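The values are calculated or read from the model by the stated rules, or taken from the named source; none is laboratory data. Computed from a predicted structure; not experimentally measured. Please note: Cβ atoms are built from the backbone with ideal geometry, for glycine as well, and neighbour counts cover all protein chains shown.
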Amino acid sequence: MIECRNITKTYKNGDMETPVLKGITFTVNNGEYVAIMGPSGSGKSTLMHILGALDTPTLGQYLIDGHDASSLTQDESADFRMKKIGFVFQAFNLLPRATVLRNVALPLIYAGVPKEQREQRAKNALKAAGMDEARFKYLSNQISGGQMQRVAIARALVNNPSLLLADEPTGNLDSKTGEIVLATLEKLNEEGRTIVMITHEPDVAAHAKRIIMLRDGLIVKDEINKDRVISTT
């Protein structure tokens, strides 16, 4: 489903070049739950931007569902993201004066989906993310941090994307609330969602079924999380 072929990324500032990714190759199959880990400066944030079609590699190819996202124009990238990728960020990025339901339905407004259909799809996404229906009409600044992140997950799901890309999804949450959010991601994966999570925390990565470790712009480890796989079979 996802294929990265010898991806490099080099930033230029005048005559100075800074290589960040130095030949990244891996695949992610449909239904996998992969954590990409690495210390600060390892290149994981740069890789996340490429996986999210927010940036393009200097060299190499990035394919998702057989489509080459490596050389899209800005407009093509925006359309690609809307159709293929759902984002969950550390900062929830919700509209504070909009209701929970409207926050989730917003991508469908941009996609031109009729009102009745987008409201039903938003409700379905919220339920899939474990959100209590009683809070659908709350403003997003009237709910807890954990609930905000579940609303953000629902918004990421509403277009039925091929890939759910989570960047430090528990970074703004206390440990107990973070566990609830991670349980939500696990449930979505068990239902067949493909998830790639970027994190620097080993205990967060431990919730994924596969862990890829980056260091100095290279993959130094790519292994199945046996504890996680065994616990779900």
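Inside the range 106-120, can you point out the residues that are part of a helix (DSSP H, G or I) and either more than 20 Å from residue 92 (Cα to Cα) or in contact with a strand residue (DSSP E or B) (Cβ under 7 Å, 6 or more places away or on another chain) (or both)?
Hits for the range 106-120 are 115, 116, 117, 118, 119, 120.
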Task: Within the range 142-219, helices (runs of 4 or more DSSP H) holding 3 or more residues that are of a type in the set (A, V, I, L, M) and either closer than 27 Å to residue 122 by Cβ or at pLDDT 95 or above (or both) - done: 145-157, 175-190
Open item on the list: Being closer than 23 Å to residue 65 by Cα, in contact (Cβ under 8 Å) with a residue 12 or more places away in the chain and crowded, with 21+ Cβ neighbours inside 10 Å narrows it down to one residue among 205, 152, 166; which is it?
Closed with: 166
Open item on the list: If residue 123 satisfies all but one of (1) assigned to a helix (DSSP H, G or I); (2) at pLDDT 90 or above; (3) charged (D, E, K, R); (4) surrounded by fewer than 18 Cβ atoms within 10 Å (Cβ to Cβ), what's the number of the condition it fails?
Closed with: (4)
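Looking at 20, 28 in this structure, which one is surrounded by 20 or more Cβ atoms within 10 Å (Cβ to Cβ) and over 22 Å from residue 126 (Cα atoms)?
28
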Open item on the list: residue 36 - would you say it is under 25 Å from residue 221 (Cα atoms), of a type outside the set (Lys, Arg), crowded, with 17+ Cβ neighbours inside 10 Å and at pLDDT below 95?
Closed with: no
Task: Unmet requirement for residue 137, which otherwise passes all of (1) surrounded by fewer than 21 Cβ atoms within 10 Å (Cβ to Cβ); (2) in contact with a strand residue (DSSP E or B) (Cβ under 8 Å, 6 or more places away or on another chain); (3) under 30 Å from residue 5 (Cα atoms); (4) charged (D, E, K, R) - done: (3)
TODO: For residues that are modelled with pLDDT of 95 or more and small (Gly, Ala, Ser), tally how many sit in the range 3-30.
DONE: 1
